[in-house]
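J.: Attaching a single structure in structure tokens format; questions to follow.
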Amino acid sequence: METPVEDFMREAIALARENIEAGGRPFGAVLVRDGRVVARGVNQVNRMKDPTAHAELLAIREASQILGSATLAGCVVYASGHPCPMCLAAMYLSGIEAAWFAYSNEEGEAYGLSTAPIYEQMAREPRERSLALRPLRPADEDGLYDEWERKRG
């Protein structure tokens with residue numbers, strides 16, 4: 001007999017398979033809170049022409065709207081594939097307590113699906129990365145955060 005955890009993972013995998021049939025990539029995600037599915041997502045990067053339209057992120061966005069909160073404490077994500085660094089960061093920032101995945105990066109490598117190169121890139125020193133990140137504040141710019149604090153006040 002399967003556990004509810006396995007049922008949620010089977011649903012994420014089924015979503016991934018349905019996405020393949022629809023011409024998408026093999027990624028599906030189910031976001032659960034208190035043993036109940038709150039949101040689902042499939043990879044829509046090509047369909048939406050959006051590099052951030054990963055299954056996990058779309059499920060997070062939907063759950064936030066449904067629950068009326070950017071904080072998803074108590075939620076768990078079940079993903080067909082190992083979440084990428086962007087999705088893991090979103091899970092962390094939203095307060096998701098755990099994530100499970102069915103297929104590893106190593107299993108995806110033969111199909112060009114591994115996120116290992118992204119992890120390797122992130123592990124390098126910032127100046128060695130292919131994406132340069134540098135501070136730039138115009139000389140006359142100041143007080144943005146003070147202004148925000150006054151408006152929140």
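The values are calculated or read from the model by the stated rules, or taken from the named source; none is laboratory data. Here the structure is a predicted model, which means the values were calculated and not measured. Cβ sites come from the backbone with ideal geometry, for glycine too, and all protein chains shown count toward neighbours. Note: accessible area is taken over every heavy atom of the protein model, side chains too, but ligands, DNA and RNA are not part of it. Shrake-Rupley method; radii C 1.70, N 1.55, O 1.52, S 1.80 Å.
J.: Going by average Cβ density within 10 Å per residue, which order do the peptides 99-109, 18-28, 64-74, 80-90 take, highest to lowest? The partial results should precede the final answer.
T.: Details: 99-109: 15.4, 18-28: 17.5, 64-74: 13.2, 80-90: 20.1.
Order by mean packing, descending: 80-90, 18-28, 99-109, 64-74.
J.: Below 8 Å, C-alpha to C-alpha, sequence gap of six or more: please give me the relative contact order for the chain in percent.
T.: Values: 228 pairs, mean separation 25.0, N = 153.
RCO, the chain: 16 percent.
J.: Report ³J(HN,Hα) in whole Hz for each residue of the stretch 58-66, in order, from the Karplus equation J = 6.51 cos²θ - 1.76 cosθ + 1.60 where θ = phi - 60°; Gly and Pro get x.
T.: 5, 5, 4, 4, 5, 4, 4, 5, 5
J.: Using heavy-atom solvent-accessible surface (probe 1.4 Å) with all chains present, what is the largest-first order of ASP146, ASP50, ASP140? Let's see the in-between values first.
T.: Working: ASP146 100, ASP50 40, ASP140 140 Å².
Solvent-accessible surface, decreasing: ASP140, ASP146, ASP50.
J.: For the chain, with all protein chains present and a 1.4 Å probe, just round the carbon and sulfur fraction of the accessible area to a whole percent.
T.: 54
J.: So how exposed is GLU97, as accessible area in Å² (1.4 Å probe, rounded to 10)?
T.: Estimated to the nearest 10 Å², GLU97 gives 130 Å².
J.: Per residue, how much accessible surface does the chain expose to a 1.4 Å probe? Answer in Å², no decimals. Before the final figure, lay out the partial values.
T.: Numbers: 10550 Å² over 153 residues.
The answer is 69 Å² per residue.
J.: Something else: Suppose only helical runs count, i.e. DSSP H with n ≥ 4. What mean residue ellipticity at 222 nm does that imply for the chain under -39500 (n - 2.57) per run, divided by all residues and rounded to the nearest 500 deg cm²/dmol?
T.: Numbers: 7 runs with 67 residues, N = 153.
Rounded to the nearest 500, it is -12500 deg cm²/dmol.
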